[in-house]
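First the structure, in the form of structure tokens, and then the observations on it.
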Amino acid sequence: MSEAIETFAPSGILTLGVELELQLISNRDFDLTRAASDLLAGLRNDTEHGEVKLEITESMIEINTRPRSDIAGIREDLAVLRDLLVHHCAQQNVSVSGGGSHPFHHWPERRICPGERFEQLHARYGYLAKQFTVFGQHIHVGCQSGDQAIWLIHALQRYVPHFIALSASSPFQNGTDTTFESSRLSAVSAFPLSGQIPSSVMSWDVFLAYIEMLKDCGVAESIKDLYWDIRPKPEYGTVEIRVCDTPLTIERAVGLAAFAQCLTHYLLRVEPGIDPQLHELVARFNKFQACRYGFDGVLADPYLRTRVSLRDDLMLTLAAFEEDADHLDCGVVIAGLKEAVRRGLNGTHWLREERRKLGGYNDVVHSAATLFAGPSSPTSP
């Protein structure tokens, strides 16, 4: 086994990093456009605030923040990278948009980005690689050890529906309202190593043995092949939360990062008892409820053997870590999330309202690109 997998490189506890996968939009018809490689070739990365990277197809681009200790640093990085990308794209008659899916693009028209990794994925997964033109926010939270990372992955699994409901912004596919709050995760679930960490993996050593078994069987070559909802990132010393749609605004992306940091601080502080095997029995149902209904979903509670409102549980969670939010200087951001939950405001709500007002999906995309490029408030989607 390689050194990179054996070693979990500890990072500062609760440090944050954010990756945003973004849509590249033609200003002629507001469809996705093949622009990523050309854009990146002419773009000077602002390494002080992170980097801009290729993703699997030419209609996607990714911005990555630097590791930051506080949410203010994440906000600054994302804003600088957003402004850099929007300005550069405008010179090429291209817009940038958030959102977990493009409302009407046709996946066969997508082109795979050059690069050995992307070409291998296309060869292995066929058409799924092009259908993977969906857009997510990944949040990295720093850990002190591999064992702590595995514990946190299990502890955070209960809150996967909460992240989905807060970030949901992919109601439309192929020119149709899917009736889902987040349709993006349906594309992710098609991959064979998607889903959640096995409940039997309870330590770093067991995780390493599990990866070694997958490699020996030819199922996976590295941790990158695990499309889990939450996975360890040993070279960064983090856990990586991967279930969020890309929000429509930088401010909601900041809110999701603050939610992850405050929740992690709370879980490490109170150390709740967790039973991964019990939770595994209801995890798929709870995840579906969040994808389908968002804030209006219901969650199965395997401990109390009952069902609870996702909205109510999310509000209780936000209230539970108020002390942690104040300690981390996230109080204003978390207050904005509370108000958004109370009012049912996420990206899907905003997109459906724009569709109702404007009528055409092209106009909705134009409106979403305009929203992403401008300032936003703590309750923005």
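Things to note:
- Only one entry in F30, F8 is touching a residue at least 60 places away in the same chain (Cβ under 8 Å), surrounded by 23 or more Cβ atoms within 10 Å (Cβ to Cβ), under 30 Å from G360 (Cβ atoms) and not small (G, A, S), namely F30.
- Of the set (1) under 24 Å from I112 (Cβ atoms); (2) modelled with pLDDT of 90 or more; (3) not in a strand (DSSP E or B), all apply to P10 but (1).
- Selection within the range 95-113: residues that are surrounded by 19 or more Cβ atoms within 10 Å (Cβ to Cβ) and under 13 Å from A35 (Cα atoms). The member of this set that is nearest to the chain's Cα centre (by Cα) is V96.
- Screening the range 170-222 for residues that are part of a loop (DSSP other than H, G, I, E, B) and of a type in the set (D, E, K, R) and picking the one that is modelled with the lowest pLDDT gives E221.
- Hey, E116 surrounded by fewer than 19 Cβ atoms within 10 Å (Cβ to Cβ), out of contact with any helix residue (DSSP H, G or I) (no Cβ under 9 Å at 6 or more places or on another chain) and acidic (D, E) or not: yes
A quick yes/no check of all residues on (1) over 18 Å from L152 (Cβ atoms); (2) modelled with pLDDT under 95:
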| site | (1), (2) |
| --- | --- |
| L267 | no, no |
| I274 | no, yes |
| V298 | yes, no |
| G331 | yes, no |
| I334 | yes, no |
| V341 | yes, no |
| L345 | yes, no |
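- Enumeration of residues in the range 41-72 that are in a helix (DSSP H, G or I) and either in contact with a strand residue (DSSP E or B) (Cβ under 6 Å, 6 or more places away or on another chain) or farther than 27 Å from R110 by Cβ (or both): I71, A72
Results for (1) closer than 22 Å to V141 by Cα; (2) of a type in the set (A, V, I, L, M, F, W, C); (3) at pLDDT 95 or above, shown as yes or no for each residue.
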{"residue": "L39", "(1), (2), (3)": "no, yes, no"}
{"residue": "E62", "(1), (2), (3)": "yes, no, yes"}
{"residue": "D70", "(1), (2), (3)": "yes, no, yes"}
{"residue": "L78", "(1), (2), (3)": "yes, yes, yes"}
{"residue": "D83", "(1), (2), (3)": "no, no, yes"}
{"residue": "V86", "(1), (2), (3)": "no, yes, yes"}
{"residue": "Q91", "(1), (2), (3)": "no, no, no"}
{"residue": "G115", "(1), (2), (3)": "no, no, no"}
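- Against the conditions (1) under 19 Å from the mean Cα position of the chain (by Cα); (2) part of a strand (DSSP E or B), A300 satisfies every one except (1).
- Residue check: G344 meets all listed conditions (1) over 17 Å from T179 (Cα atoms); (2) touching a Phe, Trp or Tyr at 6+ places or on another chain (Cβ under 9 Å) but one, namely (1).
- Filtered residues of the range 235-276 (kept if more than 26 Å from G98 (Cβ to Cβ), touching a Ser or Thr at 6+ places or on another chain (Cβ under 9 Å) and not hydroxyl-bearing (S, T, Y)): E235, G237, D275, P276
- Taking residues in the range 203-215 that are of a type in the set (K, R) and surrounded by fewer than 17 Cβ atoms within 10 Å (Cβ to Cβ), and partners anywhere that are at pLDDT below 95 and assigned to a helix (DSSP H, G or I), not one pair has Cβ atoms closer than 7 Å while being at least 6 places apart or on different chains.
- Consider the range 351-370 and keep the residues that are crowded, with 22+ Cβ neighbours inside 10 Å and in contact with a Leu (Cβ under 8 Å, 6 or more places away or on another chain). The one that is nearest to V254 (Cα to Cα) is A368.
The values are calculated or read from the model by the stated rules, or taken from the named source; none is laboratory data. Please read these numbers as outputs of a predicted model, since none were measured by experiment. Ideal geometry is used to build each Cβ from the backbone, glycine not excepted, and the neighbour counts take in all protein chains shown.
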